[in-house]
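Trainee: What follows is a single structure, and I will ask about it in a moment.
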Amino acid sequence: METGLKGKRALVCAASKGLGRACAMGLAMEGVEVTITARTAAALEATAEEIRRATGAKVTAVAGDITTEAGRAAALAACPEPDILVNNAGGPPPGDFRDWDRDAWIKAVDANMLTPIFLIKATVDGMIARKFGRIVNITSASVKSPIPHLGMSNGARAGLTGFVAGLARQVARHNVTINGLLPGPFLTDRLKGTNAAAAAKSGRTVEEEIMARAKDSPAGRVGDPAEFGAACVFLCATSSGFIVGQNLVLDGGAFNSTMG
Ligand code: NAP
């Protein structure tokens, strides 16, 4: 597939590891100049170098917490006019909602709802003026099918999804699209973290725990982050301008429905 993305600029948030990294790698393979962020500078720079070596693309690494104003300002200073924005941040911790106070909720809403909204606010008008923009929000399959112990994730991400459902339809006529990518289980550090408690309970290793759960899904496995990166590239392609306000679930068929 010809993506038409060569020479475009992308800001990919939270991208030293996991799904963000896979999106940055996928876009760089298409000749996109990528700016990547994460809090841990050394790991981020190592990933930037890995992407440069693998793709030959220009990669800029900006260390900082994307959920803070300072972190967003630094990312935008390095990439003020992105053609592509991939919103991502760490997910909220699992637990029982009885244990979450106001501060915990504010942190989750800040990271998984307000941060993407403020990054969209900072970049969407430039995209409109240039008549091209692709915004991809990495959320979670929990937006469609809630995961009981990830209540803050279910709530904050659903808030973002509701907001962009409206905005996507206001900007589509300018060839600016906003869509969600909803990961089910992908083999990343995050998945290992969210399965640690279950593994400790069952006496299995974290890997065994993940594989045991994955066996029951239609695909019989967890996702490879590279598959997620490829879906991101597809949504960003110049030929994807008619895909507007959609939420693409990548979960190996685990969400059981006849359509949608
Ligand atoms: P991951 O492997 O843990 O990677 C997270 C990446 O984000 C790292 O590069 C991390 O680097 C960076 N990061 C985290 N918080 C950040 C912040 N505040 N500012 C800047 N960078 C930050 O996680 P993942 O599996 O790729 O998950 C990505 C998102 O998808 C998360 O929101 C997660 O909840 C969601 N998700 C994942 C799965 C899955 O199965 N993997 C399923 C559903 C939803 P630093 O720590 O150095 O900042």
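Conditions tested, residue by residue: (1) basic (Lys, Arg); (2) surrounded by fewer than 15 Cβ atoms within 10 Å (Cβ to Cβ).
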{"site": "215", "(1), (2)": "yes, yes"}
{"site": "220", "(1), (2)": "no, yes"}
{"site": "228", "(1), (2)": "no, no"}
{"site": "239", "(1), (2)": "no, yes"}
{"site": "242", "(1), (2)": "no, yes"}
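Trainee: Here are some residues: 75, 61, 54. Which one is exposed (fewer than 15 other Cβ atoms within 10 Å of the Cβ) and farther than 19 Å from residue 156 by Cα?
Mentor: Checking each option against the conditions leaves just 54.
Trainee: Here's another thing I want to ask about it. State whether the residues of region 106-113 include one that is touching a Leu at 6+ places or on another chain (Cβ under 8 Å) and either buried (at least 19 other Cβ atoms within 10 Å of the Cβ) or at pLDDT 95 or above (or both).
Mentor: yes
Trainee: Would you check which residues across region 29-84 are touching an Asp or Glu at 6+ places or on another chain (Cβ under 7 Å) and part of a helix (DSSP H, G or I) and list them?
Mentor: Hit for region 29-84 is 71, nothing else.
Trainee: Same structure again: Whether any residue in region 4-13 is away from the ligand (no atom under 15 Å from the Cβ), in a strand (DSSP E or B) and either within 21 Å of residue 126 (Cα to Cα) or modelled with pLDDT of 95 or more (or both) is what I want to check. Walk me through how you get there before you give the answer.
Mentor: Looking only at region 4-13, we keep the residues that are away from the ligand (no atom under 15 Å from the Cβ), and these are 4-10.
Still in the running and in a strand (DSSP E or B): 9-10.
So of that shortlist, the ones also either within 21 Å of residue 126 (Cα to Cα) or modelled with pLDDT of 95 or more (or both) come out as 9-10.
Checking region 4-13: at least one residue is away from the ligand (no atom under 15 Å from the Cβ), in a strand (DSSP E or B) and either within 21 Å of residue 126 (Cα to Cα) or modelled with pLDDT of 95 or more (or both).
Trainee: Can I ask one more? Within region 90-105, take every residue that is surrounded by fewer than 20 Cβ atoms within 10 Å (Cβ to Cβ) and within 13 Å of the ligand (Cβ to nearest atom) and give me the one that is farthest from the chain's Cα centre (by Cα).
Mentor: 94
A quick yes/no check of all residues on (1) in contact with a helix residue (DSSP H, G or I) (Cβ under 8 Å, 6 or more places away or on another chain); (2) of a type outside the set (A, V, I, L, M); (3) buried (at least 24 other Cβ atoms within 10 Å of the Cβ); (4) more than 20 Å from residue 68 (Cα to Cα):
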{"residue": "3", "(1), (2), (3), (4)": "yes, yes, no, yes"}
{"residue": "7", "(1), (2), (3), (4)": "no, yes, no, yes"}
{"residue": "16", "(1), (2), (3), (4)": "yes, yes, no, no"}
{"residue": "20", "(1), (2), (3), (4)": "no, yes, yes, no"}
{"residue": "26", "(1), (2), (3), (4)": "yes, yes, yes, yes"}
{"residue": "30", "(1), (2), (3), (4)": "yes, yes, no, yes"}
{"residue": "44", "(1), (2), (3), (4)": "no, no, no, no"}
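Trainee: Among the residues of region 196-206, which ones are assigned to a helix (DSSP H, G or I) and among the β-branched types (Val, Ile, Thr)? Spell out the reasoning first.
Mentor: Step one: of region 196-206, the residues assigned to a helix (DSSP H, G or I) are 196-202, 206.
Across region 196-206, the qualifying residue is only 206.
Trainee: Answer with yes or no whether residue 22 is more than 13 Å from residue 134 (Cβ to Cβ), in contact (Cβ under 8 Å) with a residue 40 or more places away in the chain, assigned to a loop (DSSP other than H, G, I, E, B) and within 10 Å of the ligand (Cβ to nearest atom). Spell out how you get there, then give the answer.
Mentor: Working: more than 13 Å from residue 134 (Cβ to Cβ): yes; in contact (Cβ under 8 Å) with a residue 40 or more places away in the chain: yes; assigned to a loop (DSSP other than H, G, I, E, B): no; within 10 Å of the ligand (Cβ to nearest atom): yes.
Against the criterion (more than 13 Å from residue 134 (Cβ to Cβ), in contact (Cβ under 8 Å) with a residue 40 or more places away in the chain, assigned to a loop (DSSP other than H, G, I, E, B) and within 10 Å of the ligand (Cβ to nearest atom)), residue 22 does not qualify.
Trainee: If I filter region 209-226 for residues that are within 19 Å of residue 87 (Cα to Cα), within 14 Å of the ligand (Cβ to nearest atom) and outside any strand (DSSP E or B), do I get at least one hit?
Mentor: Checked against the condition, which is being within 19 Å of residue 87 (Cα to Cα), within 14 Å of the ligand (Cβ to nearest atom) and outside any strand (DSSP E or B), region 209-226 yields at least one hit.
Trainee: Please find, within region 171-195, the residue that is farthest from the ligand (Cβ to nearest atom) out of those that are surrounded by 14 or more Cβ atoms within 10 Å (Cβ to Cβ) and assigned to a helix (DSSP H, G or I).
Mentor: At the first step, the residues of region 171-195 found to be surrounded by 14 or more Cβ atoms within 10 Å (Cβ to Cβ) are 171-172, 174-188, 190-195.
Those left that are additionally assigned to a helix (DSSP H, G or I): 171-172, 174, 190-194.
Working: 171: 24, 172: 25, 174: 28, 190: 3, 191: 4, 192: 8, 193: 7, 194: 8 Å.
Applying the filter and picking the extreme gives 174.
The values are calculated or read from the model by the stated rules, or taken from the named source; none is laboratory data. Because the structure is predicted, anything quoted here is derived from the model rather than measured. Positions of Cβ are backbone-derived with ideal geometry, glycine not excepted, and every protein chain shown enters the neighbour counts.
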